[in-house]
Amino acid sequence: MKTEGSRIESLRKDLSRLLGGGKVRTEPEDLLAYSSDATRYYAQGKPEAVVLVESVDDVCKVLSYANQCAVPVTPRGAGSGLSGGSTPIKGGIVLDMKRMNKILEISKGNMTARTESGVVLANFHRAVEKERLFYPPDPQSMDVCTLGGNVACRAGGPRGVKYGTTPNYVLGLEAVLPDGSVINTGGISVKQANGYNITQILTGSEGTLAVITKVNLRLLPLPPERQTMIVVCDSAQLAAEMVSRIIYEGVVPAVLEYLEVGAIWLMNTYSPIPVAQDGQVYLLIEVDGTAAIVAEDIGVIKGIAEKMGAREIKIIDDKKQAAGIWKARRNLSPLVLRIFQKSISEDVTVPRDKIPEMVKAVREIGASLGVPVGMSGHAGDGNIHPGVQLYEITPEMEQKAEEAIRLMIEKGIELGGTISGEHGIGLHKSAYLEKELGKDQIELMKRIKYAFDPKGIMNPGKIWTEA
Amino acid sequence: MIGDLDYYKGLVEKCSHCALCEAVCPVYLEDMLETHVARARVDIIYQTLYKKSMPVTPRVREIIDRCLLCTSCTQDCGGAVPVHEIIITARAALYGGRKHDPLRDYFIREMMEKRGIKGFPALMLAAAQKLHVAPGGFPKVSLRTFDSLYHGRYPPTGKKRAKVAYFTGCATNTMDVETGVAVMKVLGHNGIEVVIPDKLMCCGIRALGEGDIKTAQKIVRNNIAILAEQEVDAIIVDCTSCGMMLRSETAKLLPADDPLLAKAVALSPKVFEVSDYLNTIGLAVEPGPLAESFTYHVPCHRGWTPTLNDAPLQLLAGIPGLKYSAMEEPEKCCGAGGAFFMDYSGLSRGIRKRKLDDITGTGAAVLISQCPGCRSYLSAGLGKRWKTVHPVTLLRRAYGL
Ligand SMILES: Cc1cc2nc3c(=O)[nH]c(=O)nc-3n(C[C@H](O)[C@H](O)[C@H](O)COP(=O)(O)OP(=O)(O)OC[C@H]3O[C@@H](n4cnc5c(N)ncnc54)[C@H](O)[C@@H]3O)c2cc1C
């Protein structure tokens, strides 16, 4: 058995020989920097080497080496994941994909794009919007998260309500299998019926099957107008019912966010939110389309909100102010720590018509256990991110938090929902997956995993718990 | 208090690890290595200086030093983690003001206390620049300093509307005297009486960069004592870094029981960058036309006043014929970082390269910015075709002063 030090040293030597020293990092400080994602509270696992790949060729070299020597490999985008997915709990190599950041093609004629997988989502948004094209998925980490990470986690975001999430836009992938071979799945055609849909198996695979190196994405025309509005409600129940009502009436806003007053208060410390903070729940809405459609949708939502007794309805005309509000929204998760010591945001998602019931259950769970619970999220698609916040980190509170989370997840499943709408399973939800999908399906997943990765080097220890 | 490790412990723990700082850190975006972004830096400081679970290695020092102190991450952080203050505090703990060889440390302290490069060092630098052996991007020193031209009280032309004290930093005082002259003329022309207080030192930001808290405290104590004496409506700076020091950092440098602390706090809201100030009180005289086009680089040290970002654009909007051509990402760092570009010249040039592409992409011929460091570093990269000036210099020309 080699010691940790000598393992690191031999990895460094071997990888440097393969790739050149500049792309390989093994100093303890660098290993610390790559030891977890945005959920360091849960688990950390230090890699033994970090490799900053710059090309498909680099990826092939690292994977065939790792496969030969049975060294674990964890692909990593921005490390902004919320499931512990890129935490290398079994050590080995972390593959930093962010230097593979070229947008290779934006086709106006085909309304598609092809990029390397390390491209940062916001940069991609800017590039396609310059061509008056639109790529809707908007995980709130968009300023940093990578397209590869988005595909690997099936990332969503506020716009999911109208436009769906990442998987709805992935047409094809280039991926490197653990043995170093390169596959090109799907294609760039907007419809395909070419055998098993390997593209969609890799989409959501969380780095456990292969390394995604390029992505082909479908685009839409950029909606010419957008308009932000805020509806203030006196109770959580009213807000939840309003969400269901808006959808029921057939208006599908681009964004329909459910934010509790605490969230609004926090966001206001970051960027001014021009509504009184005397409500309970705030619906932050954006509609998009042609000017006529935007005006009509705003009118319908306003009508519904008035009829149901909204406390305040605020149309945000100032574009700069609207941008500030959305930026504050993107920062909500770090903002929460201005007050709390710890915040765990869950990803339970329920059918949209079950939102009122879910909201009620979450509140009751919080009250019965005596833990602060909050919900702020993408209500329009049933993904309201119920969460637990702790003022103080004590073993007792940690235990209660865990219990609250378990109850929320069970409630979500009972209502016909899923334990994860967009963050992925990773480490933190693996204990619950069997409850949702059943043993047989997990066994099938394991067989699929074996077909891709017989030696089990790809991101081991994720998605399901090991027996 | 900046420099006090204990004080920052709780704030270090407020880092949620969200990774959003990856979007704004110029060093990270150039190095593309997560170790060099705030999230990791703060973690490494936590492990080495607080938990002491890791030793302070040369690599740790490099990670803590390889930061421009541009404050972009601090300004953006949802968790309100004051990253730049934590970095400065870590540097203080690591170096205690003795970061370089004694000669260089002495030179830096001299420069700060004399407010710029003067006397013998100035002659040396001027000679080195003549021979092209001085660090590239370092501004030309002027042997005719601002404080040799202006001191005391300057009544305005026309009706007096306000009275201000003008704080000139090292750059305006000894390298970019032209900007100082422009500020004097434009303020006077607009009915503003200007006082140039005696015996001010530099703003102290350079000392903070060195982690030299003692010198920084000495400097801000000196300056606060003098500025608090002035019976003026506002304290004006032309440099956004000086402004940041006076407005938001000075009070953080003084211990709670320091008698000057209350004065520093009282003074803070009176501090304005000159374009911002002129906007608040309005121009008394309409400027004449200028047939030119300009673009605007927003300095990194802009977080201390919300109106600072747009101030020059608002100020110059009234000049007939003057065309503004916006660059992509006007807030993106230029890479200078005070004297950072001398120690990390390759890195800084890489950061500047992206900025230069954005600037030249505008097709303008004049670049404005309220930071003398950005101006000289960018100007060195842009070459002769470009004029790089403080916004007030354009206004001065529009007035024909
Ligand atoms: C403030 C904040 C807000 C967020 N908001 C949202 C939101 O609204 N919606 C949402 O869905 N998520 C959200 N997230 C979660 C996260 O940003 C997304 O899951 C994102 O897709 C992760 O991308 P990444 O590049 O950071 O990937 P990482 O975190 O680095 O990795 C995530 C997973 O993908 C795998 N992976 C990464 N790149 C590749 C690749 N090239 N090939 C194969 N596997 C790969 C990793 O192994 C890991 O399992 C948020 C996170 C934060 C911090």
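Residue check, A:Thr115 against (1) more than 14 Å from every other protein chain (Cβ to nearest Cβ); (2) in contact with a Ser or Thr (Cβ under 6 Å, 6 or more places away or on another chain); (3) of a type outside the set (Gly, Ala, Ser), all met but one. Which one?
Every listed condition holds for A:Thr115 apart from (2).
Residues being within 16 Å of the ligand (Cβ to nearest atom) and farther than 25 Å from B:Arg41 by Cβ: count how many of those fall in the range A:1-34.
Residues in the range A:1-34 being within 16 Å of the ligand (Cβ to nearest atom) and farther than 25 Å from B:Arg41 by Cβ: 0 in total.
Of the conditions (1) surrounded by fewer than 18 Cβ atoms within 10 Å (Cβ to Cβ); (2) at pLDDT below 75; (3) in a loop (DSSP other than H, G, I, E, B), B:Met124 fails just one. Which one is it?
(3)
Just the residues that are of a type outside the set (Ser, Thr, Tyr) and either within 14 Å of chain B (Cβ to nearest Cβ) or more than 15 Å from the ligand (Cβ to nearest atom) (or both), please, taken from the range A:429-444. First the steps, then the outcome.
First, the residues of the range A:429-444 that are of a type outside the set (Ser, Thr, Tyr): A:429, A:431, A:433-444.
Listed by number, the residues that qualify are A:Ala431, A:Glu434, A:Lys435, A:Glu436, A:Leu437, A:Gly438, A:Lys439, A:Asp440, A:Gln441, A:Ile442, A:Glu443, A:Leu444.
Restricting the search to the range A:148-174, which residues are more than 9 Å from the ligand (Cβ to nearest atom) and among the polar types (S, T, N, Q)?
Scanning the range A:148-174 gives a single hit, A:Asn168.
Within the range B:369-376, can one find any residue that is closer than 21 Å to B:Ala207 by Cα and either of a type in the set (Ser, Thr, Tyr) or surrounded by fewer than 21 Cβ atoms within 10 Å (Cβ to Cβ) (or both)?
Yes: one or more hits.
In this structure, is A:Leu332 surrounded by 21 or more Cβ atoms within 10 Å (Cβ to Cβ) and free of Cβ contacts under 8 Å to residues at least 12 places away in the same chain? Steps first, please.
On the way: surrounded by 21 or more Cβ atoms within 10 Å (Cβ to Cβ): yes; free of Cβ contacts under 8 Å to residues at least 12 places away in the same chain: no.
For A:Leu332, the condition - surrounded by 21 or more Cβ atoms within 10 Å (Cβ to Cβ) and free of Cβ contacts under 8 Å to residues at least 12 places away in the same chain - is not met.
Quick check on B:Gly97: is it under 19 Å from the mean Cα position of the chain (by Cα), surrounded by 17 or more Cβ atoms within 10 Å (Cβ to Cβ) and in contact (Cβ under 8 Å) with a residue 12 or more places away in the chain?
Spelling it out, it is not the case that B:Gly97 is under 19 Å from the mean Cα position of the chain (by Cα), surrounded by 17 or more Cβ atoms within 10 Å (Cβ to Cβ) and in contact (Cβ under 8 Å) with a residue 12 or more places away in the chain.
Residue check: is A:Leu238 over 28 Å from A:Ile457 (Cα atoms) and either away from the ligand (no atom under 16 Å from the Cβ) or over 16 Å from the mean Cα position of the chain (by Cα) (or both)? Lay out the reasoning, then the answer.
Numbers: over 28 Å from A:Ile457 (Cα atoms): yes; either away from the ligand (no atom under 16 Å from the Cβ) or over 16 Å from the mean Cα position of the chain (by Cα) (or both): yes.
Judged against the criteria, A:Leu238 is a match.
Restricting attention to the range A:19-34, which residues are more than 8 Å from chain B (Cβ to nearest Cβ) and either more than 10 Å from A:Pro47 (Cα to Cα) or of a type in the set (D, E, K, R) (or both)?
A:Leu19, A:Gly20, A:Gly21, A:Gly22, A:Lys23, A:Val24
Just the residues that are surrounded by 14 or more Cβ atoms within 10 Å (Cβ to Cβ), of a type in the set (Gly, Ala, Ser), closer than 27 Å to A:Asn123 by Cα and in contact with a strand residue (DSSP E or B) (Cβ under 9 Å, 6 or more places away or on another chain), please, taken from the range B:308-357.
Matches in the range B:308-357: B:Ser325 only.
Of A:Ile393, A:Ile405, A:Ile413, which residue is away from the ligand (no atom under 14 Å from the Cβ), farther than 28 Å from A:Pro460 by Cα and β-branched (Val, Ile, Thr)?
Working: A:Ile405 fails: farther than 28 Å from A:Pro460 by Cα; A:Ile413 fails: farther than 28 Å from A:Pro460 by Cα.
Result: A:Ile393 is the single residue among A:Ile393, A:Ile405, A:Ile413 that is away from the ligand (no atom under 14 Å from the Cβ), farther than 28 Å from A:Pro460 by Cα and β-branched (Val, Ile, Thr).
Considering each residue of the range A:365-392, count those that are loosely packed, with under 13 Cβ neighbours inside 10 Å and more than 23 Å from A:Gly417 (Cα to Cα), and give that number.
The qualifying residues number 3.
Hey, among A:Ile301, A:Ile344, A:Ile315, which residue is touching a helix residue (DSSP H, G or I) at 6+ places or on another chain (Cβ under 7 Å), surrounded by 15 or more Cβ atoms within 10 Å (Cβ to Cβ) and modelled with pLDDT of 95 or more?
Just a single option satisfies the conditions, and that option is A:Ile301.
Being part of a loop (DSSP other than H, G, I, E, B) and either under 17 Å from A:Ser343 (Cα atoms) or polar (S, T, N, Q) (or both) is the filter here, so list the residues in the range A:386-426 that pass it.
A:Tyr391, A:Glu392, A:Ile393, A:Thr394, A:Ser420, A:His423
Condition check: within 30 Å of A:Lys446 (Cα to Cα) and either within 14 Å of chain B (Cβ to nearest Cβ) or within 15 Å of the ligand (Cβ to nearest atom) (or both). Does A:Asn197 satisfy that?
No, not satisfied.
Considering only the range B:17-40, how many residues are free of Cβ contacts under 8 Å to residues at least 60 places away in the same chain, at the interface with chain A (Cβ under 7 Å from one of its Cβ atoms) and not in a helix (DSSP H, G or I)?
So the count comes out to 4.
Which of the following residues is farther than 30 Å from B:Thr179 by Cα and within 14 Å of chain A (Cβ to nearest Cβ): B:Asp43, B:Asp101?
On the way: B:Asp101 fails: within 14 Å of chain A (Cβ to nearest Cβ).
The match here is B:Asp43.
In this structure, is A:Asp37 within 14 Å of another protein chain (Cβ to nearest Cβ), in a helix (DSSP H, G or I) and either away from the ligand (no atom under 16 Å from the Cβ) or buried (at least 22 other Cβ atoms within 10 Å of the Cβ) (or both)?
When the stated conditions are applied, A:Asp37 does not pass them.
What is the residue count in the range B:46-67 for residues that are within 21 Å of A:Ala78 (Cβ to Cβ) and out of contact with any Ser or Thr (no Cβ under 7 Å at 6 or more places or on another chain)?
Number satisfying all stated conditions: 3.
Looking only at the range A:416-427, count every residue that is within 15 Å of the ligand (Cβ to nearest atom), away from every other protein chain (no Cβ under 14 Å) and either in contact with a helix residue (DSSP H, G or I) (Cβ under 8 Å, 6 or more places away or on another chain) or not aliphatic (A, V, I, L, M) (or both) and tell me the total.
Counting residues in the range A:416-427 that are within 15 Å of the ligand (Cβ to nearest atom), away from every other protein chain (no Cβ under 14 Å) and either in contact with a helix residue (DSSP H, G or I) (Cβ under 8 Å, 6 or more places away or on another chain) or not aliphatic (A, V, I, L, M) (or both) gives 8.
Output the residues belonging to the range A:184-202 that are surrounded by fewer than 24 Cβ atoms within 10 Å (Cβ to Cβ) and either touching a residue at least 60 places away in the same chain (Cβ under 8 Å) or in contact with a helix residue (DSSP H, G or I) (Cβ under 7 Å, 6 or more places away or on another chain) (or both).
A:Gly186, A:Ile188, A:Val190, A:Gln200, A:Ile201
Report, by residue number, each residue of the range A:99-110 that is closer than 14 Å to A:Val215 by Cα and either within 13 Å of chain B (Cβ to nearest Cβ) or not hydroxyl-bearing (Ser, Thr, Tyr) (or both).
Once the filter is applied, which keeps residues that are closer than 14 Å to A:Val215 by Cα and either within 13 Å of chain B (Cβ to nearest Cβ) or not hydroxyl-bearing (Ser, Thr, Tyr) (or both), the range A:99-110 yields A:Met100, A:Asn101, A:Lys102, A:Ile103, A:Leu104, A:Glu105, A:Ile106.
Looking only at the range A:200-214, filter to residues that are touching a strand residue (DSSP E or B) at 6+ places or on another chain (Cβ under 7 Å) and hydroxyl-bearing (Ser, Thr, Tyr); which one of those is farthest from the ligand (Cβ to nearest atom)?
The selected residue is A:Thr203.
Filter the range B:218-245 down to residues that are of a type outside the set (Gly, Ala, Ser) and touching a helix residue (DSSP H, G or I) at 6+ places or on another chain (Cβ under 7 Å), then give me how many there are.
11
What are the residues in the range A:336-368 that are within 14 Å of chain B (Cβ to nearest Cβ) and not in a helix (DSSP H, G or I), if any?
The answer is A:Leu337, A:Arg338, A:Ile339, A:Phe340, A:Gln341, A:Lys342, A:Ser343, A:Ile344, A:Ser345.
The values are calculated or read from the model by the stated rules, or taken from the named source; none is laboratory data. Predicted model, so just to flag it, every value in this text is computed and none were measured. All Cβ positions, glycine included, derive from the backbone under ideal geometry; neighbour counts span all protein chains shown.
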